[in-house]
Amino acid sequence: MSRLTVAMIVKNEEKYLKDCLLSIKDVADEIVIVDTGSTDKTKQIAAEFGAKIYDYVWINDFSAARNYSLQQSTGEWILYIDADERLDSSSIPELKKIISNKTLSGCYCTVLSYDSGESRDNSLRYPRLFFNSPEIKFEGRVHEQIGASLVRNNYQLLNSNILIHHLGYNISKDEQKNKALRNLTLLKAEYEFNKSAYIAFQLAQSYNVVDDMDSAKKYFEIAANSNDLDKSLRAQSYASLALIAHANNNIKDAEKYIQSAIKLDNRQPFSHLLAAKISLRGGDQVRAEERCLTAYKLNKNISTDKERSNLVVILDLEEVIYFGLTIALQNQNSNNIGFYQKELSAYYNSKGNENGPLKLAVIQKLFCCSQLSAVEEKMIIKLANRYTLNLLLTLLVINPNKQQILEITKNLLNKFPDSIEIKKILSKLLDDAGKLDEAIQILENVVEKEEYDPAILFYLISFYLKNGSAEKINSIVMLLEKKYANIPEIAERVNRLKEKLAIHNSRPQ
């Protein structure tokens, strides 16, 4: 049996290192740890596992540190892994089988990165396990890669089912921004010498994390338009451009970019879900429903290993189910309503959630427009999250038990004080309850904070007409024209509104 070296570079990883080493201890013949300046218990933990520890002076170059770890590795095979990663135990038999051969080959492994904050787990496939040779070198100061070196040295690249879990993105927004800022310094320096599309892509990703959208757009465009970049990364670049355009209400560009993304890689659930949201924003609810169903089926296949891609963004099933239910309800598509209700039942049952039956019962009662018990009212508040909220509000607003729904909506606003959707629905319920002044006050506060969407502005116009405040309408119309000129449906509604207002103002008072 060939010997395996697990090679790592670390700095201040006491939080993660022990669990990483536990995951590889039964397969590693040698553990090489290159420490770049730890001041915590990292080296002590490494020593407890019998690792060979080497101090290395950090020179702002991840590849240099990786290559130093390779120089210290004596095994015939090398697996490189980070402290915030864990080798899945089910992968060990396959890994041992692979390293029983002594061939110039590298193996694609799946690295599953978790991000509970965004519920956007990423599955990436790239070489992590390879036959040891002094000619093999990492490249890139940051987001270092080994694949190009393997290809140049005539290695055979093989697929494997080896799975590595990555926890490093499952951190707070501030921690993610700090990491991205660190990477930006290295990436910008490298891009000065090597203006590759891959580095442009990584620059765009980092700028995206730190909310510099102009710079992110610039480098995503460079990456998307480069034929030298892997097509899955080009597709992700186009999808990111679509997301930026969608956020800016530029539906025409968003649609153009998302079509380019899907043309390059039509197996990405995220792209199809974003396409559905773009269609919905553009007023095409039927197409939105079709695209959402495609996203759901793709995502389910990936979750059950029926699809494989070198790069895939895995969606939370709850997100797609509730989005699909919302559109199906708006379209009154009974077939899709029934389909998603069954999928929702299976989802909650698979989670083994003790409140699953109650959640399903509450959703069913809302679909039936039934009055809710006190326990069920509390469950709605508990059930509400960023994925379920739109469906809950859609069902609440059509419920005839207006006083009960008004109180539930107020409680939802207490849970989500910044939600524009809740404020929109609450204003409508207050208007229905004869509390027009309260409804107007809520929407005026939203507009004052510049957090509005088109529906908020149209609601406010209708309220002004109702209470005789026509003089306030012109400023709202100007906002609609300024912010949403790129959405044809809204532009058309504004023109019709202006025509009606002109007729109204021309009548003798």
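Values quoted throughout were computed directly from the atomic coordinates according to the rules given, and no laboratory measurement underlies them. Source: prediction; values computed, not measured. Using ideal geometry, Cβ is built from the backbone for each residue, glycine included, and neighbour counts are taken over all protein chains shown.
Residues His272, His246, arranged from fewest to most other Cβ atoms within 10 angstrom of their Cβ, appear as His246, His272. Labels on offer are (1) 101, 58, 41; (2) 92, 51, 43; (3) 79, 57, 51, and the one holding Cα extents along the principal axes in Å computed from this structure is (2). Simple point charges give the picture: +1 on the Cβ of Lys and Arg, -1 on the Cβ of Asp and Glu, and for the chain a dipole about the Cα centre of about 920 debye. Ordering Asn161, Pro400, Asn101 by the projection of their Cα atoms onto the charge dipole of the chain, which places +1 on the Cβ of Lys and Arg and -1 on the Cβ of Asp and Glu, puts Pro400 at the extreme positive end. Karplus-derived 3J(HN,Hα) values for the stretch 200-209, using 6.51 cos²θ - 1.76 cosθ + 1.60 with θ = phi - 60°, are 4, 4, 5, 4, 4, 4, 5, 4, 4, 5 Hz; glycine and proline are entered as x.
Between the stretch 232-306 and the stretch 408-478, how far is it from one alpha carbon centroid to the other, in angstrom? So the separation of the two Cα centres works out to 31 Å. Only one residue of Ser2, Ser91, Gln71 has its Cα farthest out toward the positive end of the dipole of the chain, where Lys and Arg carry +1 and Asp and Glu -1 on Cβ, and that residue is Ser91.
Here each label is just a point 7 Å from Cα along the line to Cβ, and for Gln71 and Asn301 those points are 4.7 nm apart. Counting neighbouring Cβ atoms within 10 Å and putting the fewest first, the residues Arg66, Arg496, Arg3 line up as Arg496, Arg3, Arg66. Taking amide H positions as modeled 1.01 Å from N, with prolines and chain starts lacking one, the residues under 5 Å from Arg128 and 5 or more places away or on another chain are Cys107, Cys109. Amide H contacts under 5 Å for Val34: Met8, Ile9, Val10, Tyr54, restricted to partners 5 or more places along the chain or on a different chain, H placed in the peptide plane at 1.01 Å from N.
Counting neighbouring beta carbons within 10 Å and listing from fewest to most, the residues Val57, Val151 come out as Val57, Val151. Here's the picture: charge each Lys and Arg Cβ at +1 and each Asp and Glu Cβ at -1 in the chain, and of Asn467, Ala223, Val446 the one pushed furthest to the positive end of that dipole is Asn467. From helices alone, the chain scores -18500 deg cm²/dmol at 222 nm; the rule is -39500 (n - 2.57) for each run of n ≥ 4 DSSP H residues, then divide by the residue total. Counting only Cβ charges, +1 for Lys and Arg and -1 for Asp and Glu, the dipole size of the stretch 4-166 around its Cα centre is about 360 debye.
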